[in-house]
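Only one structure is covered here, and it is reproduced in the block below.
Read-outs throughout are calculated quantities, based only on the coordinates presented, and are distinct from any laboratory measurement. Since we're looking at a predicted model, the values are computed, not measured. No Cβ is skipped: glycine too gets one built from the backbone with ideal geometry, and neighbour counts run over all protein chains shown.
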Amino acid sequence: MRKSCKVEAGMEDDDLIPLSALQHYLYCPRQCALIHVEQQWEENRQTAEGRLLHQHADQPQTELRHGIRTATAMPLASRALGISGIADVVEFHGERPFPVEYKRGRPKAHRADEVQLCAQALCLEEMLGRTVPEGALFYGQTHRRKAVTFDSALRSLTLDTITATRSLLDGQDTPVAQYQPKRCDACSLIELCQPRLLGRKQTVGQWLRQQLKD
């Protein structure tokens, strides 16, 4: 497993990978390419709920409460890793940053959300020169935080995901569709992606002949 994902320090802002692309890639590489290569997007109930959940965190501001300084909509970037984005919330417990990412729904079996959060921590470490050992994911359905420790395994997975995502975006090649009901049926891009149709292992001619028979 690769342990490094260094890129040129003089990268232009347009070359930096959005943090959200890492989450999209781990959820589905094809979804990532449709959004970040082909610039396609559709909203469904889930994405609308997520947008509403982020409304408060999308307003840049800083406040001090109970000894904890909280910054919302904080711009993040790592020139070394070639990534950038916006943190929903960064709490400062003394001098220690603690990123918090808002997500709709509930905790998931895959680690896409954790990788996105870990990438935020890597940006904060580079920007502030301080170790960020942990953060949290807040899920709208459960109204609870899930603590996330940025251990070596998660950091390695995050670096590998950055490398894989950069390769996908640099290649400008959208992966073929592979229909997986649990994943695809919840995706807002399902009508654009057409995984049931395009994921079939048959030629266009075979598909057309099948439609004529039906």
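The alpha carbon centroids of region 87-143 and region 166-193 are separated by 25 Å. For a modelled paramagnetic label at ARG65, 7 Å from Cα along Cα-to-Cβ, the residues of region 100-137 in reach, with backbone nitrogen under 20 Å, are 100-104, 135-137. Taking R0 as 25 Å, what FRET efficiency do you get between ARG106 and LEU192 from their Cβ-Cβ distance, rounded to the nearest 0.05? Between ARG106 and LEU192 the formula returns 0.45.
Count neighbours as other Cβ atoms within 10 Å of each site's Cβ, and list the GluC sites (Glu not before Pro) in region 62-171 that are DSSP loop with at most 14 such neighbours. Sparse-neighbourhood loop GluC sites (Glu not before Pro): GLU95. Over region 13-175, what relative contact order in percent results from Cα pairs under 8 Å that are six or more residues apart? Relative CO of region 13-175 lands at 25 percent.
The packing ranking of peptides 140-149, 22-31, highest mean first, is 22-31, 140-149, where packing means the average number of other beta carbon atoms within 10 angstrom of each residue.
What does a probe at GLU95 reach in region 101-138, counting residues whose amide N is under 11 Å from the point 7 Å along Cα→Cβ? Backbone N within reach: 129-131.
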